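The values are calculated or read from the model by the stated rules, or taken from the named source; none is laboratory data. Everything numeric in this text was worked out from a predicted model, so none of it was measured. Here the Cβ is made from the backbone with ideal geometry for all residues, glycine too, and neighbour counts use every protein chain on show.
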Amino acid sequence: MYTVLLARTAGAAAPPGPSALTVSAVVLAYLSWEVARKTVRGRFALPGEKLYSTAVGAAASLAMASALLLVACALRVAVGATWQSWTAPWLASFLAPLAAHAWAWRGWLRRTGERYAPGGPALLGYVAFLALPVIHWAATGGPA
């Protein structure tokens, strides 16, 4: 998929900006999932467990994961807005992965008395982030 995204944004005469934004969006989306999956409330962390939430707190860690995904989605919209086949509904679909993070927040806020890691919903958001360009390509007949 990275090849399809880069091939669409990086031609011989294309400026490097869209390519860099595309790759940055994918990296940020992955980092979002990575941070979310290693987030647990401090009192439920197992001894010796290496978590991002240990360093900054569970709420800050989950907020950072959500912010990373929000920036990744914004970068994807910025690049997608330059393509003719990405109409407003398709651009709005780029926000769908954020719904998974809303689910992660909901679970984290509701499950205060048990060990809850928001990695599952965050993984769903990451997979949705990666799948949307492929779905668009299948629906419109190409990445352009």
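Can you pull out the helices (runs of 4 or more DSSP H) entirely within region 22-96 that have at least 3 residues that are free of Cβ contacts under 8 Å to residues at least 12 places away in the same chain?
On the way: elements: 52-56, 58-80, 88-93.
Once the helices (runs of 4 or more DSSP H) in region 22-96 are filtered for at least 3 residues that are free of Cβ contacts under 8 Å to residues at least 12 places away in the same chain, what remains is 58-80, 88-93.
Within region 109-138, the residues that satisfy the criterion of being part of a helix (DSSP H, G or I), within 30 Å of Glu49 (Cα to Cα) and in contact with a Ser or Thr (Cβ under 8 Å, 6 or more places away or on another chain) are Gly119, Ala122, Gly125, Tyr126. Confirm whether Glu34 is among the acidic types (Asp, Glu) and more than 14 Å from Gly119 (Cα to Cα). Spelling it out, it is not the case that Glu34 is among the acidic types (Asp, Glu) and more than 14 Å from Gly119 (Cα to Cα). Here region 99-138 is the region considered, the condition is being at pLDDT below 85 and within 21 Å of Pro18 (Cβ to Cβ), and the residue that is nearest to the chain's Cα centre (by Cα) is Leu132.
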